[in-house]
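Please read the structure below before turning to the comments.
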Amino acid sequence: MQTYKLTNTYYKRAFLLPGLILLVAIIIFPLLFTIRVSLAGWNVSHAGLDFVGGHNWARAFHDRLFWDSMNRLLIFSFFTTILQYVLGFTMAMVAWRGIASRRFFRVLWLIPMMTTPSVMAIVWRSIFREDIGAANGIFHGLGLHPIAWSTEIFPATFTIIIAEVWQWTPFMFLILLAGLLSLPKEPFLAAEIDGASAWKTFWRVTFPMMAPISAGAIVIRLIEASKIFDSIFSLTSAGPGNATETPSYFVWKRYFTEFQISYGATLSLIYLIVAIIVLTIIGQIFARLSKPKGD
């Protein structure tokens, strides 16, 4: 019997080995190599892993442009995620309540998410072109002045938020609709018997019961929003100036246009550390808020 247990344990661990090897190959090894590169002086004029200590780290902590890009990322992530949640919840309620054909709208509203982000960013760029774009064409038809979508800070920021919200609101819709469909019917029947209005039923029954699902959806979207790159690359190229530059674009520019390999590796690690800390704190806050009051 003891031999059988040992053999069974051995086989369980053996079956886990391929996944462990893959994990090491695609995550742990690149991470360790990036740490090593961050401690070197690899750049456009010197290729190699000569040890320079914490020089790159000290430079990164004093790089005002990098930390400004972090602040912009917080703004982009906050506004895009909140708008996606509100719109996604509204769309999910419409489909859930049967106000419109659930199957038809489920397919229709998922189309943006199934489209390649870089392709849709190019489409949005053509819409917001200042000379022949559809957006300024509408303003011209209404007798309004055209807007400099790519050469002024606020319009450029607005175009990125619009593109991100349009692309990823269906993700919120899908998760929240699945959550609504899984809710028990008894609380709603009780609210109906008590004569609660539709708004009170939503605010006191639906919304609290959806809190854990909402928290999970928001955290997932914050994680994805922290990696925003395609829209900025295709719509504004971080312009005007660097007004729409985010850390991912900032790191990409250090790597692939200036070839500051070691400095770019350092920035990417700091970016990763800050993102993990911030998202962990946000996740903990949402986890506490979504717990029932009796817990």
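Scanning the stretch 18-29 for residues that are within 26 Å of the chain's Cα centre (by Cα), surrounded by 11 or more Cβ atoms within 10 Å (Cβ to Cβ) and not aromatic (Phe, Trp, Tyr) returns Leu23, Val24, Ile28. The helices (runs of 4 or more DSSP H) found wholly in the stretch 36-138 and carrying at least 1 residues that are closer than 30 Å to Ala265 by Cα, open to solvent by less than 50 Å² (accessible area, probe 1.4 Å) and not aromatic (Phe, Trp, Tyr) occupy 55-61, 64-96, 117-127. The single condition among (1) outside any loop (DSSP other than H, G, I, E, B); (2) of a type in the set (A, V, I, L, M, F, W, C); (3) more than 21 Å from Ile75 (Cα to Cα); (4) open to solvent by 50 Å² or more (accessible area, probe 1.4 Å) that Leu180 does not satisfy is (4). Test each condition in (1) of a type outside the set (A, V, I, L, M, F, W, C); (2) exposed (fewer than 12 other Cβ atoms within 10 Å of the Cβ); (3) not in a helix (DSSP H, G or I) for Lys291 and report the one that comes out false. If we test Lys291 against (1) of a type outside the set (A, V, I, L, M, F, W, C); (2) exposed (fewer than 12 other Cβ atoms within 10 Å of the Cβ); (3) not in a helix (DSSP H, G or I), just (2) comes out false.
For the stretch 159-169, residues that are open to solvent by 10 Å² or more (accessible area, probe 1.4 Å) and within 17 Å of Leu74 (Cβ to Cβ) total 3.
Taking the listed residues Phe207, Phe202, Phe286, the one that is farther than 30 Å from Glu130 by Cα, open to solvent by less than 50 Å² (accessible area, probe 1.4 Å), in a helix (DSSP H, G or I) and among the hydrophobic types (A, V, I, L, M, F, W, C) is Phe202, with no other qualifying. The selection criterion, being of a type outside the set (D, E, K, R) and in contact (Cβ under 8 Å) with a residue 12 or more places away in the chain, does not hold for Val123. Scanning the stretch 139-158 for residues that are surrounded by fewer than 15 Cβ atoms within 10 Å (Cβ to Cβ), in contact (Cβ under 8 Å) with a residue 40 or more places away in the chain and either assigned to a helix (DSSP H, G or I) or aliphatic (A, V, I, L, M) (or both) gives a single hit, Ile153. If only one of Ile175, Ile161, Ile213 is at pLDDT 90 or above, touching a Phe, Trp or Tyr at 6+ places or on another chain (Cβ under 7 Å) and assigned to a helix (DSSP H, G or I), which one is it? Ile161 is the lone residue from the list that is at pLDDT 90 or above, touching a Phe, Trp or Tyr at 6+ places or on another chain (Cβ under 7 Å) and assigned to a helix (DSSP H, G or I).
Listed by first and then second residue, the pairs with beta-carbon distance under 7 Å, at least 6 apart or on different chains, first residue in the stretch 194-217 and closer than 17 Å to Lys291 by Cβ, second open to solvent by 40 Å² or more (accessible area, probe 1.4 Å) and of a type in the set (Val, Ile, Thr), are Ile213/Ile175; Ala217/Ile175.
Listed by first and then second residue, the pairs with beta-carbon distance under 9 Å, at least 6 apart or on different chains, first residue in the stretch 256-268 and at positive phi, second open to solvent by 30 Å² or more (accessible area, probe 1.4 Å) and of a type outside the set (D, E, K, R), are Phe259/Trp42; Phe259/Asn43; Phe259/Val44; Phe259/Ser45. Among the residues of the stretch 239-255, those that are small (Gly, Ala, Ser) and either outside any helix (DSSP H, G or I) or free of Cβ contacts under 8 Å to residues at least 12 places away in the same chain (or both) comprise Gly239, Gly241, Ala243.
The values are calculated or read from the model by the stated rules, or taken from the named source; none is laboratory data. Just so you know, these numbers come straight off a predicted model, no measurement behind them. Methodologically, a virtual Cβ is constructed for each residue, glycine included, from the backbone with ideal geometry; neighbour enumeration extends over all protein chains shown. Each accessible area value is taken on the protein alone, full model and side chains, heavy atoms only, with ligands, DNA and RNA left out. Shrake-Rupley method; radii C 1.70, N 1.55, O 1.52, S 1.80 Å.
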